Each structure stands twice: as structure tokens, then as C-alpha cells.
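Here is the structure we will look at.
The values are calculated or read from the model by the stated rules, or taken from the named source; none is laboratory data. Predicted model only: the values in this text are computed from it and were never measured. Glycine gets a Cβ as well: all are built from the backbone with ideal geometry, and neighbour counts include every protein chain shown. We work out accessible area using only protein heavy atoms, side chains counted, and drop any ligands, DNA or RNA first. Shrake-Rupley method; radii C 1.70, N 1.55, O 1.52, S 1.80 Å.
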Amino acid sequence: MAVIALGSFAGSAFAIDVKAAVLRVDYPVLLPISRYDLRPDDLGFAGAALADEDNGTTGSFLGHTYETVTRAVTPEDAEMALGALLDQGIRLIVVQSNGDDLARLTDQAAAAGALVFNASAPDIALRDDQCRANLLHIAPSNAMNADAVAQFAVWKKWDEWFLISGSNPEDVALAEAFRKSARKFGAKITEDRVFEDTGGSRRTDSGHVLVQRQLPMFTQQADDHDVVIAADGTDFFARYLSYHLWTPRPVMGSGGLVPTTFHGAHEAWGATQYQTRFEELTGRYAKPEDYNVWLALRVIGEAVTRANTAEPDGVRDYAVSDAFELAAFKGTKVTFRNWNGQLRQPILLHDGKITVSVSPQEGFLHQTSLLDTMGLDRPESRCTAFN
């Protein structure tokens, strides 16, 4: 049946050479808290290699070829690198960068008629009043991640939250997303505190000793709460919370139970075959960044296969149409929100070893899609670029 189906596509398909690029902007950052979280050199690029294999499998029947080039650059060199890719005629670009650089690079790409896929930036504004018509979001927003956590907490009847946020801009933005989620789902923030980032090394011989003294003192005398919600977008304290609270409580958010698009232990809904193929190709476990890039390029592959086009406008129009859907090893096919270009997808909640749960949670209903209970819904979004 699969051969017959592919044959029917081949009857109406024509040869297409699909050229795409992954542009990763590498920022100077401190080492992560844990060595388990050291970033591999091929982060994201490994997902691209697997996507080219997957797209090529179907493409070989249809006369389609796929080639993805990868570039890792500093923030200062990002515009020049993107310009070089555009000069090569590449008009399908997956970007791994922060929100500010993503906006700047997307505008540069728009001038050349290129389509950009956001594989990492969680900024809500880019899905809201700062959206771009040539920008599709694979990475979930802060709002989607916060809503995924909030739904699980409310489903568990952990309605009273102790919110602890960092002091960096990324932490502040994530904390605000959790506050909005609390209001959205009827939770109550009984205590709201900021843990100041004073800089310095996160991994020293005395690091855990200092944390063991600081965090219990910092969290004492908090108002009654069911759960601690951590907003730590820069990874400097949340991982330590679970065993260093003054009052023992579950931790969710940036530590404890964490929202993610994917992780190396996820096995449900056929994900094992994705994991084994990825590990055979790379010699390591898949990370969310790898999955996001893989998914972005699979969106392109699906558009090429179904709509017979690799033109940026054609890929974009098909992706946001009602005809588009894509299997993504998450129990339901993923689609795009046609009002702001955000990919709808389930959010995994994991504890570092296993998938504990998946949001949206049972009982959270929506008139269009249960996935739209997470993140900006149509009435909330001020994006007009897709009108």
C-alpha cells in the first residue's frame, strides 16, 4: 500500500532539488550546572542529518533530493553568514538563536524572499505583535511551556504555587509566562521571590556547599504552597531546588519536572525508532534542539512531497493550511496555527530520566484543538502578518 501511495504521488510529482540551511548562533555562556548538559558540537546539526535521511527516503521515489548545509557562527558574524547562504540561492533557513537575533535575521531573510524556521527562541512577542510573515515557529513559546506545566499542576490539584524566578531577562520573561498561566488555569501564586544571579562559576568544588546553605535560607518562611515553580531561563539555580528547599515540595518548571519538546529517553508513539536511528547516526542521545531542527526540515519535506514545491511561499502556505499535518512521535499529528505561525505540538514533562506526563492534560478542553490550550490562542494573539 505504501508503494502504491508513493506511486500516486510520483504520477503527479516532478524533480525538485531542495536546498536548506541550519544557521546556529553560538553565544558565550557559562558552563551548565551539570556535565550531563554539556553541549555537543553538532547540536541541532545532527537533527538536520537525520531529517535529510528521512526526507530522502520518500524523495527517492519522487525525484526529490535534499541537501542541508550547516553553519555555526558568533552573533557578530550571523548576518554575514546568512547573507552568504542567501547568495547561494538557499531560501529555506532553520535558525537557532535568541529572539533578538532571530528577529533581525528573519527581516534580512525576508528581503531575499526566504522562509525562516525558529528552532529555539521562546519569546512570546515573536508570536504576538512582533510576528513575521516569513517566520514559522517550531520551538514552543514560554507561554506554551508554562501552560504545559500549569495544566499538570492543576490536574494534580497543586493549585497553590511558590514561584521562584531568576534575575536575568530570560528568567523574568519566563516568570511572567508562569504568572499568566496561573491566572489562565485558576492557580494561586502564594509567594513570588527573585533569586539574584551574582555570577561566577556554577561548577566549582564548593558550588554545591554554597547552594546547600543559600537555598534553604532563601526559601524559608514562605507562605503555604503545594508546589515550587522555578523560572530559570539561564540555568543557574533551578536544578538545585528539589533537595534544598526549606519546606519539601515538588519542583516544576526549569527544575524538577521540566517541559520539553523531546528528550533522549522518550519512547512512546514509535519514538524508539527515531531514537535508535539518531543514536546510530551520531553516537549520542537526542536533545530538544536536534528534534526541533529535524522537525523543521521534516515540515519542508512534507510540503515538498504533498504540494510539489520548495519555494518559500509555497512551503509556508501549505504548512499553515488545513491540509498540513505531520507525525512527530507524540501521539498526535502536529499542525501550525494559521494566525501566528506557531507549530501546535504536545509538550513532554520529564524529570531528567523519563517522560512523566504529556500536556495538554485530560480535562482541558478547546473548541478547535486541545493543543490550543497551551500558548497564545487566536483571540489572544495580536499577530496580523498572517491575515
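Quick check: with the 1.4 Å probe, what order do Asp197, Asp192 take by accessible area, largest first? Don't skip to the end; give the middle numbers.
On the way: Asp197 50, Asp192 75 Å².
Largest to smallest exposure gives the sequence Asp192, Asp197.
Got a sec? Which residues in segment 144-173 would a label at Arg193 touch, if it sits 7 Å along Cα→Cβ and we count backbone N under 18 Å?
Answer for segment 144-173: 160-168, 172.
Could you work out the per residue convex hull volume over the alpha carbons of segment 283-387, in cubic angstrom?
Numbers: hull volume 13.9 nm³, N = 105.
Once divided by residue count, the hull of segment 283-387 is 133 Å³.
So which lysines can Lys180 reach, going by Cα to Cα under 25 Å and dropping same-chain residues fewer than 8 places off?
Cα-Cα hits under 25 Å: Lys156, Lys157, Lys188.
Tell me what the chain gives for mean residue ellipticity at 222 nm when only DSSP H runs of n ≥ 4 count, each as -39,500 (n - 2.57), the sum divided by the residue total, rounded to 500 deg cm²/dmol.
Numbers: 10 runs with 136 residues, N = 387.
Counting only the DSSP helices, I get -11500 deg cm²/dmol.
Taking the Cα centre of segment 205-357 as origin and charging only Cβ (+1 Lys, Arg; -1 Asp, Glu), how large is the dipole, in debye to the nearest 20?
On the way: 14 positive and 18 negative charges, 34 e Å.
My answer is approximately 160 debye.
Less than 19 Å from a label point 7 Å out along the Cα-to-Cβ axis of Ala133: which backbone N atoms in segment 352-382 qualify, by residue?
382
Where nothing but the Cβ of Lys and Arg (+1) and of Asp and Glu (-1) is charged, how large is the charge dipole of the chain around its Cα centre, in debye to the nearest 20?
Details: 35 positive and 51 negative charges, 136 e Å.
About 660 debye.
Roughly what % of DSSP beta bridges within the chain run antiparallel, to the nearest 5?
On the way: 10 of 48 bridges.
If we restrict to bridges inside the chain, about 20 percent are antiparallel.
Whole number in Å², please: accessible area per residue of the chain, 1.4 Å probe, ligands, DNA and RNA not counted.
Numbers: 17370 Å² over 387 residues.
Heavy-atom SASA per residue in the chain reads 45 Å².
Output the 0 to 90 degree angle, nearest 10, between the alpha-carbon long axis of helix 142-155 and the longest principal axis computed from the alpha carbons of the chain.
60
Over segment 205-350, what is the percentage of antiparallel beta bridges among all DSSP beta bridges, to the nearest 5? Let's see the in-between values first.
Numbers: 6 of 10 bridges.
Percentage antiparallel, nearest 5: 60.
On a 0 to 90 degree scale, rounded to 10, what angle separates helix 78-87 from the longest Cα axis of the chain?
Relative to the chain, helix 78-87 is tipped by roughly 10 degrees.
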